[in-house]
1. Within the group Ser657, Ser638, Ser684, which residue is within 34 Å of the chain's Cα centre (by Cα), farther than 18 Å from Ala534 by Cβ and open to solvent by 50 Å² or more (accessible area, probe 1.4 Å)?
2. For Lys127, work out the one condition from (1) surrounded by fewer than 17 Cβ atoms within 10 Å (Cβ to Cβ); (2) at pLDDT below 95 it doesn't fulfil.
3. So which of Ile674, Ile629, Ile619, Ile703 is touching a Phe, Trp or Tyr at 6+ places or on another chain (Cβ under 8 Å) and part of a helix (DSSP H, G or I)?
4. Does Ser236 satisfy being within 27 Å of His586 (Cβ to Cβ) and in a helix (DSSP H, G or I)?
5. Go through Thr615, Thr646, Thr581 for me and flag whichever is touching a helix residue (DSSP H, G or I) at 6+ places or on another chain (Cβ under 8 Å), within 19 Å of Ala286 (Cβ to Cβ), among the β-branched types (Val, Ile, Thr) and surrounded by 13 or more Cβ atoms within 10 Å (Cβ to Cβ).
6. For a quick check of your reading of the model, give me the residue pairs whose first member lies in segment 484-495 and is assigned by the TED database to the domain that holds Arg164 and under 17 Å from Gly189 (Cα atoms), whose second is in a loop (DSSP other than H, G, I, E, B) and charged (D, E, K, R), with beta-carbon atoms closer than 9 Å and at least 6 apart or on different chains.
7. Here are some residues: Asp404, Asp385. Which one is surrounded by fewer than 23 Cβ atoms within 10 Å (Cβ to Cβ) and not polar (S, T, N, Q)?
Amino acid sequence: GSSSGLNQSSHFQLLSSLIPSFEKQILNSYTHAFKGFAVMLTETQASALSDSRDVVSVFADPILELHTTRSWDFLDDALESKSGSRFNSLHNRVLADVIVGVIDTGIWPESLSFDDKHVGEIPSKWKGLCMEGLNFTKTNCNRKLIGARFYKNRLVSTGDASPRDLIGHGTHTASIAGGASVSNASYYGLAKGTARGGHPSARIAAYKACLLEGCSGSVILKAIDDAIKDGVDIISISIGVSSIFQSDFLNDPIAIGAFHAAQMGVAVVCSGGNDGPQASTVVNSAPWIFTVAASTIDRDFRTTIELGNNESYQGSAISFSTLTNAQKYPLVFGEDVAASFTPPSDARNCAPGSLDSRKAAGKIIVCLNDEPTISRKIKKLVVEDVKAKGVIVIDEQETSSTFDSGTFPFAEVRGKTGSILLHYINTTKNPTASILSSIEKLNLRPAPMVASFSSRGPGALTENILKPDIMAPGVAILAAITPRIEPSYKAPRDKPSLFGIKSGTSMACPHVTGTMALVKSVHPEWSFSGIKSALMTTASMKTNAEKAITNSSYTHSNPHEAGAGEIQPLKALDPGLIFETTFDDHIHFLCYHGYSNETIQSMVNKTFTCPYLSTKELITNINYPTISIGRLKQHGPSRKVERVATNVGQPNSTYVSYVNAPPGLSVRVNPQKISYTENKKTVSFNVYFNGKRASKGYNYGDIEWKDGVHLVRVTFAVNVE
């Protein structure tokens, strides 16, 4: 990233002055929100460039990974009758236009989710393009899908030179955020109902920055730059660096692009990653990014396993099995049909090449799942390959994502059911079974739960900002897809589906994007940092059974898993108070994190001096809607944290604070009562944390501000050392 005064020709000048033999090999130039370029250089040239005073940072172009609708009703049912009346009445009102930019794998424009019959003329603030490419013309855009771009980069093959989505990920995420209502949507009859986005009248602009191989960081930067220039209000990015490769905020293309988006008043919502349940795996964790964790909803897809002794057990799967109860097939353990010279652990896990087709053909195979490199998809293909009739996978670990096996009979069971099946095999002369087709189970309790795969905090780059920020549905979500059948997938009736069921924080992210779009359309005068705060302080830590949210191990969830909690879209429309994190807060964050005045000045394009005392501890004081203290000395003094709360509810109101803290952690709020008038819209308060009697490690809790109508929850995480 170079400093602000440079355009493309000066990019050439800068390179030529430092690298005499330089030839014009710039791949991308960024000129709108931030100044910079992507270029092919040797390591020596890159090193020379990074030493220049005009250059903020030089980093290798990383390849980022994709983070892969009852959900909206599930979120709204907490607040309203099953009729959906409040949601529908909202959408019958005249709402402000909101444009959502989705940076992903492109778009399938023919999907009914992008039908424009219920939206008006394209807003005048839109300045973007509908780029033509392979099988994509200007007529593919409409009043709903108002823009589409694609990028030429080192990953593009000629078949991808178009905004068209050949994978389905981008179409799925776009339709979750802002898809129009489509009745009778289903995945081959499963999950039947009306599919809709969080804000069905939002405009959508698709930026195809990703292909199957991943996403080039330089292209993501270009797409963010374009989206800002095009007039997008909210950018949704279900992509991230791998949690293993996080190095620095200014080496991360998404963090850099999002910083400049925040500078221009554009919101950026990102998935937190699918590297859970390990701690410190959350990515996209800069304070100017809205970071989303994934939860389950109150629905699951279950298959029934019928045994020869007439006992039946439930498994989890999306399987369109054609087997019936009338005919059963021999049931065997993988190890018992192993190929010659195969290690038993390979056959138990149904590893490639481990099963003997002469022994396995025509049977239902039971496999373990204790070898992480052999995915459920590989097991299914291995078992299918040896001409077996079906597969049952025993998984000791709770996995939240439901596996889709197509027409091949499949079921996944937990350890307890697995033991029963193995006992049946070992004690029966001719054990037999059948696996029936999946059915949908609704109104499951407790829901939501934190998805097992959802990446966890604390943030690896700083523990003084609480990450992830919030949680939203990301398990088995029905939305529009690219209607194509994958080569190894046997689809019912060999026909592609217009809708698909996918899991991942990739699916959770657009739920938050859609909710932000909805709130912005009702409150166009609110800033995005205010809307982010509204979502966070109204989020819920309770399930539909009125108990505390748990993770997939059934232990109480904490804010490093769920952030402030599960979004409640309709509650966010009336939060009472909001915490504005200003752009100055973000600049101070960079100061406190240790960046130099020169680096920051060149990023923000204005003279700016960091406070004389800039330490990482001060990051806790930026006006964020949650509070995180990465280190509180057990025998040290109390830590004072300041927050400023802005009233967006009734002008004359008084809020009283209530503290929920773990035993031993002293949390004092001063003043305990705050009052607002017509002329007094912002009030500051201090929170004092003391860990003298607290247990070591992270202590979680919240401060609740109540005025009799609103409940404003400020979640905290304090690490006592």
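The values are calculated or read from the model by the stated rules, or taken from the named source; none is laboratory data. For clarity, every value in this text was computed on a predicted model and none was experimentally measured. Cβ atoms come from the backbone with ideal geometry, glycine included; neighbour counts cover every protein chain shown. Ligands, DNA and RNA are excluded from the accessible area calculation, which covers all protein heavy atoms including side chains. Shrake-Rupley method; radii C 1.70, N 1.55, O 1.52, S 1.80 Å.
1. Among Ser657, Ser638, Ser684, only Ser684 is within 34 Å of the chain's Cα centre (by Cα), farther than 18 Å from Ala534 by Cβ and open to solvent by 50 Å² or more (accessible area, probe 1.4 Å).
2. (2)
3. Ile619
4. Criteria not met by Ser236.
5. Thr581 is the lone residue from the list that is touching a helix residue (DSSP H, G or I) at 6+ places or on another chain (Cβ under 8 Å), within 19 Å of Ala286 (Cβ to Cβ), among the β-branched types (Val, Ile, Thr) and surrounded by 13 or more Cβ atoms within 10 Å (Cβ to Cβ).
6. Ile485/Lys495
7. Result of the check over Asp404, Asp385: Asp385.
Residues are listed down the side, and each one gets a yes or a no for (1) open to solvent by less than 70 Å² (accessible area, probe 1.4 Å); (2) at pLDDT 85 or above; (3) farther than 29 Å from Ser216 by Cβ; (4) not assigned by the TED database to the domain that holds Leu166:
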{"position": "Asp77", "(1), (2), (3), (4)": "yes, no, yes, no"}
{"position": "Ser85", "(1), (2), (3), (4)": "yes, no, yes, no"}
{"position": "Ser89", "(1), (2), (3), (4)": "yes, no, yes, no"}
{"position": "Val94", "(1), (2), (3), (4)": "no, no, yes, no"}
{"position": "Ile99", "(1), (2), (3), (4)": "yes, yes, no, no"}
{"position": "Ile107", "(1), (2), (3), (4)": "yes, yes, no, no"}
{"position": "Leu112", "(1), (2), (3), (4)": "no, yes, yes, no"}
{"position": "Leu134", "(1), (2), (3), (4)": "no, yes, no, no"}
{"position": "Lys138", "(1), (2), (3), (4)": "no, yes, no, no"}
